[in-house]
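Bear in mind these aren't lab numbers, they're just calculated from the coordinates by the rules spelled out. Keep in mind the model is a prediction, meaning the values are calculated, not measured. A quick note on method: Cβ atoms are made from the backbone with ideal geometry, for glycine too, and the neighbour counts reach across all protein chains shown.
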Amino acid sequence: MSSLFKKIFRIGLPFLLGLGILWWMYRDTSGEVFLDSIFHQTDWRWMGLSLLFGIVPQVIRALRWQQALEPLGEKPRRSVCVNSIFVSYAASLVIPRSGEVTRCATLKRMDGVSFTKSLGTVVTERLIDSVLMLIFTGIAFLWQLPVFLRFLRTTGFNFGDLARQFSTTGYLVTVLCLLAAVLLAYILVRGLKLFRKGHDLLRDVISGVLSLKKVRNFPLYLLYSVLIWVGYFLHFYIAFFCFDATSGILPDEAFLIFCVGSFAVLVPTPNGAGPWHFAVKTMLVLYGVAEEPAVMFALVVHTVQTALVVLLGIYGWAQLNTTRRIPAAEKK
């Protein structure tokens, strides 16, 4: 019963969190308004182009993954890598953050690729992606710093006044909460079965992480990594042209909104539902978009992009189920 409760809690809590934020944001929005926005106020020519750039980064991610596995002696088929990526994104809609494990397991099932080695390459991917995201976000914030300073002056916000509102007890509670969060994260990581399988598992994962040293064309790997983010940005930015209210957003403004939204997606809700909507809406309002079209933009774009993930996941699953498997024993 305890195990069942944990599974329900792990799956149900992210959904409840996302639904709670969405309900709070859209509690006064009728279904008719949403349907009118998506069918009558959306320029689907631009949306179609946006969706194209939602597919391209996933394909590039598969090519990069295939390249990282090659020096480890693993040569999965390109089509299997692509479809595994499609399925992994769809799986993360059901169980947030499950996509990494799903695609590694799929590659093992279809092409006999070592699960732990492929997981190591995925860890490396995430590290590279995180570093790039931090760099891009830092550049975007520095570029848009005058906008934020002007906003703070206009609203009369003062960091000193905010700090003075904290008592000694407040600072102590904040520090204790941070320590508790770190301790909880440590306990959760130690409790993962993945980290209890011994020396061989750790060795294979480290081997995957260090595979970057053996990549034959590292500039190409880095280019793939940058192109993935460029594709995601275009997937998001082009959607602004679908609506009159957001068509005037400049590329540098859109890039910062994109970066903020990317951080919001880190909150473990299905496809960032809820936190992403709130972050994007807040940034759009900061850049002068009225609140109503801002919240509708977030809802329509996220809904359409999530539908794309679902459709690609179904396509990938169907393709994998009609593809011949190559077990590890047969590879030898």
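Results, tabulated for the structure shown:
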quantity	calculated
Efficiency of FRET between Ala318 and Leu142 - r from beta-carbon atoms, R0 51 angstrom, step 0.05	0.65
Extension gain (nm, one decimal) between Leu13 and Val226, 0.36 nm per residue minus Cα-Cα	73.4 nm
Rounded if a/c under 1.5, otherwise prolate or oblate - segment 8-103, Cα gyration tensor axes	oblate
Fully extended contour minus Cα-Cα distance, from Ser130 to Leu52, at 0.36 nm per residue	25.7 nm
Virtual spin-label span in nm between Arg97 and Phe34, 7 Å along Cα→Cβ	2.7 nm
Stretch gain in nm, segment Val265-Gln41, where the contour uses 0.36 nm per residue and the Cα spacing is subtracted	78.0 nm
